[in-house]
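Data first, discussion second: the structure below is written as C-alpha coordinates.
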Amino acid sequence: MGTPETMRAVRIAGHGGPEVLELAEVAVPAPQPGEVLVQVSAVALNNTDLWTREGAYGRPEDSSAPSGWRGPIDFPRVQGADVAGRVVAVGHDVDRSLVGRRVVVDPAIYDTEGPDANPVGLMGSERDGGYAEYVSALAARVHDVTDSPLTDDQLATLPTAYGTALGMIERGRLRKGETVLVSGASGGVGVALVQLARARGARVLGISSGAKIDAVREVGAHEVIDRSRDVAEQIRAAAPEGIDVALDVVAGDLVSEGLPLLREGGRWVVSGALGGYDVTFDVRRLYLHNAQLIGSTMHTPTHFDLLMSLARHAEIQPVIAATFPLEQAAQAQEELGRRGHVGKIVMHP
(Lines give C-alpha, C1' and ligand atoms only; values in the text may rest on other atoms or scores of the structure.)
Protein backbone atom coordinates (compact mmCIF):
# COMPACT_ATOMS: atom_id res chain seq x y z
CA MET A 1 0.00 0.00 0.00
CA GLY A 2 1.38 3.41 -0.98
CA THR A 3 1.83 6.44 1.22
CA PRO A 4 -1.24 8.73 1.36
CA GLU A 5 -1.08 12.27 0.02
CA THR A 6 -2.37 13.90 3.21
CA MET A 7 -2.07 13.28 6.93
CA ARG A 8 -3.23 14.59 10.29
CA ALA A 9 -0.81 16.88 12.08
CA VAL A 10 -0.93 19.21 15.08
CA ARG A 11 0.54 22.63 14.30
CA ILE A 12 1.00 25.99 15.94
CA ALA A 13 0.39 29.14 13.89
CA GLY A 14 1.91 31.40 16.55
CA HIS A 15 3.10 31.49 20.15
CA GLY A 16 0.57 31.15 22.95
CA GLY A 17 -1.21 28.77 25.27
CA PRO A 18 -2.48 25.25 24.55
CA GLU A 19 -5.29 26.78 22.49
CA VAL A 20 -2.85 27.53 19.64
CA LEU A 21 -2.40 23.80 19.00
CA GLU A 22 -4.57 22.97 15.99
CA LEU A 23 -5.29 19.63 14.33
CA ALA A 24 -4.98 20.04 10.56
CA GLU A 25 -5.01 17.96 7.39
CA VAL A 26 -1.73 18.66 5.61
CA ALA A 27 0.35 17.19 2.82
CA VAL A 28 2.56 14.23 3.66
CA PRO A 29 6.16 15.46 3.26
CA ALA A 30 8.05 14.00 0.32
CA PRO A 31 11.52 12.78 1.30
CA GLN A 32 14.14 14.94 -0.36
CA PRO A 33 17.65 13.76 -1.33
CA GLY A 34 19.35 12.44 1.78
CA GLU A 35 16.04 12.07 3.63
CA VAL A 36 13.64 9.32 4.69
CA LEU A 37 9.93 9.39 5.47
CA VAL A 38 8.98 7.92 8.83
CA GLN A 39 5.49 6.78 9.76
CA VAL A 40 5.19 7.91 13.36
CA SER A 41 4.09 5.25 15.83
CA ALA A 42 4.79 7.24 18.99
CA VAL A 43 5.90 10.78 19.81
CA ALA A 44 6.95 11.83 23.31
CA LEU A 45 6.37 15.23 24.90
CA ASN A 46 9.05 17.45 26.41
CA ASN A 47 9.31 20.79 28.15
CA THR A 48 10.78 22.03 24.87
CA ASP A 49 7.31 21.59 23.36
CA LEU A 50 5.78 23.87 25.98
CA TRP A 51 8.49 26.52 25.83
CA THR A 52 8.63 26.52 22.02
CA ARG A 53 4.87 26.93 21.86
CA GLU A 54 5.04 29.74 24.41
CA GLY A 55 8.07 31.34 22.73
CA ALA A 56 9.78 31.26 26.11
CA TYR A 57 13.42 30.77 25.09
CA GLY A 58 14.29 34.40 24.46
CA ARG A 59 17.16 35.56 22.26
CA PRO A 60 20.75 36.54 23.05
CA GLU A 61 20.03 40.18 22.32
CA ASP A 62 16.63 40.21 24.08
CA SER A 63 15.85 37.62 26.77
CA SER A 64 12.13 38.52 26.70
CA ALA A 65 11.66 38.22 22.92
CA PRO A 66 9.30 35.40 21.83
CA SER A 67 11.45 32.67 20.32
CA GLY A 68 11.66 29.03 19.46
CA TRP A 69 14.42 26.76 20.68
CA ARG A 70 17.16 28.69 18.88
CA GLY A 71 15.44 31.68 17.33
CA PRO A 72 12.31 32.89 15.51
CA ILE A 73 10.03 30.14 14.20
CA ASP A 74 8.63 29.85 10.70
CA PHE A 75 4.90 29.33 11.28
CA PRO A 76 2.89 27.19 10.96
CA ARG A 77 5.09 24.62 12.67
CA VAL A 78 4.38 20.96 13.48
CA GLN A 79 5.67 20.34 16.99
CA GLY A 80 7.31 17.22 18.40
CA ALA A 81 11.00 16.30 18.66
CA ASP A 82 10.82 12.69 19.87
CA VAL A 83 9.80 10.16 17.25
CA ALA A 84 9.78 6.40 16.99
CA GLY A 85 8.30 4.75 13.91
CA ARG A 86 9.04 2.91 10.69
CA VAL A 87 10.67 4.09 7.49
CA VAL A 88 8.12 3.95 4.65
CA ALA A 89 9.93 5.84 1.87
CA VAL A 90 13.39 7.21 1.07
CA GLY A 91 14.90 9.91 -1.11
CA HIS A 92 16.31 8.78 -4.45
CA ASP A 93 19.88 8.65 -3.15
CA VAL A 94 19.14 6.77 0.10
CA ASP A 95 19.60 3.03 0.64
CA ARG A 96 16.19 1.40 0.12
CA SER A 97 17.01 -1.31 2.66
CA LEU A 98 15.94 1.21 5.32
CA VAL A 99 12.31 0.86 4.24
CA GLY A 100 10.42 -1.14 6.85
CA ARG A 101 13.03 -0.68 9.58
CA ARG A 102 11.94 0.45 13.05
CA VAL A 103 13.81 3.64 13.87
CA VAL A 104 14.36 6.42 16.37
CA VAL A 105 15.03 9.88 14.96
CA ASP A 106 17.82 12.05 16.34
CA PRO A 107 15.94 15.40 16.43
CA ALA A 108 19.01 17.64 16.60
CA ILE A 109 20.10 19.92 13.78
CA TYR A 110 23.88 20.13 14.12
CA ASP A 111 26.36 22.88 13.33
CA THR A 112 28.77 20.52 11.54
CA GLU A 113 28.95 16.94 10.27
CA GLY A 114 31.46 15.76 12.86
CA PRO A 115 30.89 13.28 15.70
CA ASP A 116 31.19 16.03 18.33
CA ALA A 117 28.92 18.55 16.57
CA ASN A 118 26.76 20.86 18.65
CA PRO A 119 22.97 21.04 18.24
CA VAL A 120 21.85 24.42 16.88
CA GLY A 121 18.28 23.51 15.96
CA LEU A 122 15.59 21.03 16.90
CA MET A 123 12.88 19.11 15.12
CA GLY A 124 9.55 20.59 16.16
CA SER A 125 11.06 24.08 16.40
CA GLU A 126 13.47 24.77 13.55
CA ARG A 127 11.86 22.15 11.29
CA ASP A 128 8.57 20.23 11.39
CA GLY A 129 8.36 17.45 13.95
CA GLY A 130 6.44 14.37 14.94
CA TYR A 131 3.02 15.60 16.09
CA ALA A 132 1.85 14.01 12.87
CA GLU A 133 1.25 10.70 11.15
CA TYR A 134 4.44 11.08 9.10
CA VAL A 135 7.66 13.08 9.42
CA SER A 136 10.67 13.50 7.16
CA ALA A 137 14.19 13.27 8.57
CA LEU A 138 17.76 13.09 7.36
CA ALA A 139 18.74 9.49 6.68
CA ALA A 140 21.94 10.10 8.67
CA ARG A 141 19.80 10.93 11.72
CA VAL A 142 17.61 7.83 11.84
CA HIS A 143 18.86 4.94 13.97
CA ASP A 144 17.77 1.37 13.32
CA VAL A 145 16.36 -0.13 16.53
CA THR A 146 14.35 -2.90 14.88
CA ASP A 147 15.63 -5.55 17.27
CA SER A 148 15.33 -3.54 20.48
CA PRO A 149 13.08 -5.18 23.11
CA LEU A 150 11.84 -1.72 24.13
CA THR A 151 8.34 -0.74 22.99
CA ASP A 152 7.77 2.07 20.50
CA ASP A 153 6.45 4.20 23.36
CA GLN A 154 9.65 3.64 25.33
CA LEU A 155 11.83 4.32 22.29
CA ALA A 156 10.03 7.60 21.65
CA THR A 157 10.97 8.86 25.11
CA LEU A 158 14.69 8.65 24.41
CA PRO A 159 15.83 11.40 22.02
CA THR A 160 15.40 14.62 24.00
CA ALA A 161 15.18 13.49 27.64
CA TYR A 162 17.73 10.68 27.56
CA GLY A 163 19.85 12.44 24.94
CA THR A 164 19.98 15.54 27.14
CA ALA A 165 20.73 13.41 30.19
CA LEU A 166 23.53 11.49 28.51
CA GLY A 167 25.01 14.73 27.18
CA MET A 168 25.08 16.10 30.74
CA ILE A 169 26.69 12.94 32.10
CA GLU A 170 29.34 12.86 29.37
CA ARG A 171 30.16 16.57 29.62
CA GLY A 172 30.31 16.25 33.41
CA ARG A 173 32.69 13.28 33.06
CA LEU A 174 30.76 11.23 35.61
CA ARG A 175 32.70 8.14 36.66
CA LYS A 176 31.88 4.92 38.46
CA GLY A 177 31.97 5.34 42.23
CA GLU A 178 31.34 9.10 42.22
CA THR A 179 28.48 10.78 44.06
CA VAL A 180 26.07 12.62 41.78
CA LEU A 181 23.25 15.02 42.60
CA VAL A 182 20.24 15.08 40.24
CA SER A 183 17.76 17.95 40.46
CA GLY A 184 14.22 17.61 39.14
CA ALA A 185 14.65 13.87 39.51
CA SER A 186 11.00 12.96 38.84
CA GLY A 187 10.77 14.70 35.46
CA GLY A 188 11.56 13.27 32.06
CA VAL A 189 15.22 14.32 32.02
CA GLY A 190 15.53 13.71 35.75
CA VAL A 191 14.40 10.08 35.55
CA ALA A 192 16.77 9.59 32.62
CA LEU A 193 19.64 11.08 34.64
CA VAL A 194 18.92 8.82 37.61
CA GLN A 195 18.79 5.69 35.45
CA LEU A 196 21.85 6.51 33.35
CA ALA A 197 23.94 7.62 36.33
CA ARG A 198 22.99 4.50 38.26
CA ALA A 199 23.89 2.34 35.25
CA ARG A 200 27.30 4.03 35.19
CA GLY A 201 27.94 2.95 38.76
CA ALA A 202 27.53 6.31 40.50
CA ARG A 203 25.89 6.90 43.87
CA VAL A 204 22.78 8.89 42.99
CA LEU A 205 21.12 11.56 45.15
CA GLY A 206 17.88 12.80 43.62
CA ILE A 207 15.94 15.95 44.50
CA SER A 208 12.15 15.65 44.28
CA SER A 209 8.87 16.61 45.91
CA GLY A 210 7.62 14.55 48.82
CA ALA A 211 4.82 12.90 46.83
CA LYS A 212 7.28 11.51 44.29
CA ILE A 213 10.10 10.38 46.57
CA ASP A 214 9.18 6.69 46.45
CA ALA A 215 8.88 6.78 42.65
CA VAL A 216 12.33 8.37 42.32
CA ARG A 217 13.79 5.64 44.53
CA GLU A 218 12.11 3.01 42.37
CA VAL A 219 13.81 4.30 39.20
CA GLY A 220 17.22 4.02 40.86
CA ALA A 221 18.11 6.85 43.26
CA HIS A 222 20.06 5.72 46.32
CA GLU A 223 18.87 8.69 48.37
CA VAL A 224 16.13 11.24 47.69
CA ILE A 225 16.24 14.85 48.89
CA ASP A 226 12.86 16.40 49.71
CA ARG A 227 12.84 19.78 47.99
CA SER A 228 10.24 21.15 50.45
CA ARG A 229 12.82 20.98 53.25
CA ASP A 230 16.30 22.48 53.59
CA VAL A 231 17.96 21.01 50.49
CA ALA A 232 21.55 21.93 51.36
CA GLU A 233 21.25 20.46 54.85
CA GLN A 234 19.89 17.18 53.47
CA ILE A 235 22.68 16.98 50.87
CA ARG A 236 25.32 17.51 53.57
CA ALA A 237 23.76 14.72 55.62
CA ALA A 238 23.56 12.32 52.67
CA ALA A 239 27.01 13.19 51.28
CA PRO A 240 29.14 14.62 54.13
CA GLU A 241 32.28 14.54 51.94
CA GLY A 242 30.52 16.49 49.19
CA ILE A 243 29.27 15.67 45.71
CA ASP A 244 31.43 15.05 42.67
CA VAL A 245 28.95 16.03 39.98
CA ALA A 246 25.63 17.91 39.98
CA LEU A 247 23.30 17.31 37.04
CA ASP A 248 20.93 20.25 37.22
CA VAL A 249 17.79 21.00 35.21
CA VAL A 250 16.42 23.44 37.81
CA ALA A 251 19.12 26.13 38.30
CA GLY A 252 17.78 29.21 40.15
CA ASP A 253 18.72 29.35 43.83
CA LEU A 254 19.95 25.75 43.74
CA VAL A 255 23.13 26.83 41.96
CA SER A 256 24.17 29.34 44.63
CA GLU A 257 23.18 26.97 47.45
CA GLY A 258 24.76 23.92 45.88
CA LEU A 259 28.12 25.08 44.53
CA PRO A 260 29.73 25.12 48.04
CA LEU A 261 28.73 21.43 48.36
CA LEU A 262 30.96 20.30 45.49
CA ARG A 263 34.13 18.41 46.29
CA GLU A 264 37.48 19.70 45.06
CA GLY A 265 37.39 19.60 41.27
CA GLY A 266 33.64 19.03 41.22
CA ARG A 267 31.48 19.69 38.15
CA TRP A 268 28.09 21.43 38.11
CA VAL A 269 26.29 20.76 34.82
CA VAL A 270 23.24 22.89 33.92
CA SER A 271 20.73 21.95 31.23
CA GLY A 272 17.57 23.73 32.28
CA ALA A 273 16.15 26.60 34.28
CA LEU A 274 12.90 25.39 35.83
CA GLY A 275 13.82 27.29 39.00
CA GLY A 276 14.84 30.49 37.22
CA TYR A 277 17.49 31.60 34.75
CA ASP A 278 18.72 34.71 36.58
CA VAL A 279 21.32 33.16 38.88
CA THR A 280 23.68 34.72 41.44
CA PHE A 281 26.51 32.81 43.10
CA ASP A 282 29.82 33.33 44.85
CA VAL A 283 32.43 32.92 42.09
CA ARG A 284 35.06 32.10 44.72
CA ARG A 285 33.39 28.72 45.14
CA LEU A 286 34.52 27.99 41.58
CA TYR A 287 38.09 29.16 41.33
CA LEU A 288 39.23 28.41 44.88
CA HIS A 289 38.13 24.78 44.55
CA ASN A 290 38.92 24.12 40.88
CA ALA A 291 35.21 23.54 40.32
CA GLN A 292 33.55 23.82 36.92
CA LEU A 293 30.17 25.22 35.90
CA ILE A 294 29.22 23.57 32.60
CA GLY A 295 26.38 24.36 30.22
CA SER A 296 24.95 21.38 28.34
CA THR A 297 22.41 21.47 25.52
CA MET A 298 21.14 18.08 24.43
CA HIS A 299 23.71 15.71 22.93
CA THR A 300 26.32 15.24 20.22
CA PRO A 301 26.07 12.57 17.49
CA THR A 302 28.54 10.50 19.51
CA HIS A 303 26.34 10.72 22.60
CA PHE A 304 23.27 9.73 20.57
CA ASP A 305 25.05 6.72 19.09
CA LEU A 306 25.85 5.57 22.63
CA LEU A 307 22.22 6.10 23.67
CA MET A 308 20.95 3.99 20.79
CA SER A 309 23.36 1.21 21.75
CA LEU A 310 21.85 1.24 25.25
CA ALA A 311 18.36 1.11 23.72
CA ARG A 312 19.15 -1.84 21.46
CA HIS A 313 20.20 -3.84 24.52
CA ALA A 314 17.44 -2.48 26.78
CA GLU A 315 20.02 -1.31 29.31
CA ILE A 316 17.59 1.46 30.29
CA GLN A 317 13.87 1.13 30.97
CA PRO A 318 12.00 4.38 30.27
CA VAL A 319 8.93 5.01 32.41
CA ILE A 320 5.67 5.89 30.62
CA ALA A 321 3.44 8.11 32.74
CA ALA A 322 0.48 8.51 30.34
CA THR A 323 -0.54 8.20 26.69
CA PHE A 324 -2.84 10.40 24.59
CA PRO A 325 -4.16 10.31 21.03
CA LEU A 326 -2.81 12.97 18.67
CA GLU A 327 -6.06 14.94 18.68
CA GLN A 328 -5.64 15.51 22.43
CA ALA A 329 -2.27 17.26 22.06
CA ALA A 330 -3.48 20.28 24.01
CA GLN A 331 -4.64 18.12 26.92
CA ALA A 332 -1.35 16.20 26.82
CA GLN A 333 0.66 19.42 27.01
CA GLU A 334 -1.51 20.69 29.86
CA GLU A 335 -0.86 17.43 31.73
CA LEU A 336 2.87 17.87 31.14
CA GLY A 337 2.72 21.44 32.43
CA ARG A 338 1.06 20.37 35.68
CA ARG A 339 4.14 18.27 36.51
CA GLY A 340 2.16 15.82 38.59
CA HIS A 341 3.55 12.73 36.88
CA VAL A 342 6.74 10.68 36.98
CA GLY A 343 8.24 9.64 33.65
CA LYS A 344 7.21 10.57 30.13
CA ILE A 345 3.96 11.41 28.32
CA VAL A 346 3.53 9.89 24.86
CA MET A 347 1.07 10.52 22.02
CA HIS A 348 -0.11 8.13 19.31
CA PRO A 349 -0.94 9.59 15.86
Check your understanding: Where Rh denotes the Kirkwood radius from the mean inverse Cα pair distance, what is Rg over Rh for the range 62-185?
Key -> 1.00
Practice item. Find how many whole Å separate the alpha carbon centroid of the range 237-309 from the alpha carbon centroid of the range 66-123. Key: 28 Å
Practice item. With label points built 7 Å along Cα→Cβ from the Cα atoms of Q32 and T112, find their separation and express it in nm. Key: 2.3 nm
**Study point:** Distant-in-sequence amide H partners of V224 (H built 1.01 Å from N, under 5 Å)
**Key:** G206
Point to revise | Model label zone, Q292; criterion: amide N under 18 Å from point 7 Å along Cα-to-beta-carbon; scope the range 226-268 | key: 243-249, 259-268
**Study point:** Value at 222 nm in deg cm²/dmol, rounded to 500, when DSSP H runs of n ≥ 4 in the chain each add -39,500 (n - 2.57)
**Key:** -6000 deg cm²/dmol
Revision key, fill the gap. Gyration tensor on Cα atoms of the range 189-306, a ≥ b ≥ c root eigenvalues, a/c under 1.5 rounded, else prolate if a/b beats b/c, else oblate, says rounded
Review point. Where the accessible area of the range 145-239 is counted over protein heavy atoms with a 1.4 Å probe, how much of it, in %, is carbon and sulfur?
Key: 43 percent
Exercise for review: Can you figure out the FRET efficiency of R338 with S97, using R₀ = 56 Å and their beta-carbon distance, to the nearest 0.05?
Suggested key: 0.80
Review point. Does the range 1-133 classify as rounded, prolate or oblate by the C-alpha gyration tensor (a ≥ b ≥ c root eigenvalues; a/c under 1.5 gives rounded; else a/b over b/c gives prolate, otherwise oblate)?
Key: oblate
Review point. Around M298, which amide H atoms from residues at least 5 apart in sequence, or from another chain, sit under 5 Å from its own amide H, with H modelled in the peptide plane?
Key: none
Study note, to complete from the structure: Probe 1.4 Å, heavy atoms of protein chains only: per residue, the accessible area of the chain in Å² is 42 Å²
Practice item. Would you work out the charge dipole size for the chain about its Cα centre, treating the Cβ of every Lys and Arg as +1 and the Cβ of every Asp and Glu as -1, and quote it to the nearest 20 debye? Key: 780 debye
Point to revise | Cα-only Debye scattering, the range 260-349: base-10 log of I(q)/I(0) at q = 0.14, 0.18, 0.24 Å⁻¹ | key: -0.85, -1.05, -1.14
Revision key, fill the gap. Listed by chain and number, the residues whose amide H is under 5 Å from that of V145, excluding neighbours fewer than 5 places away on the same chain and using placed H, are R102, V103, V104
Study note, to complete from the structure: Mean projected area (nm²) from the convex hull of Cα positions in the chain is 17.0 nm²
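The values are calculated or read from the model by the stated rules, or taken from the named source; none is laboratory data. Predicted model only: the values in this text are computed from it and were never measured. Don't worry about glycine lacking a Cβ; one is built from the backbone with ideal geometry, like all the others, and counts go over all protein chains shown. What goes into the accessible areas is simple: the full protein's heavy atoms, side chains included, and nothing from ligands, DNA or RNA. Shrake-Rupley method; radii C 1.70, N 1.55, O 1.52, S 1.80 Å.
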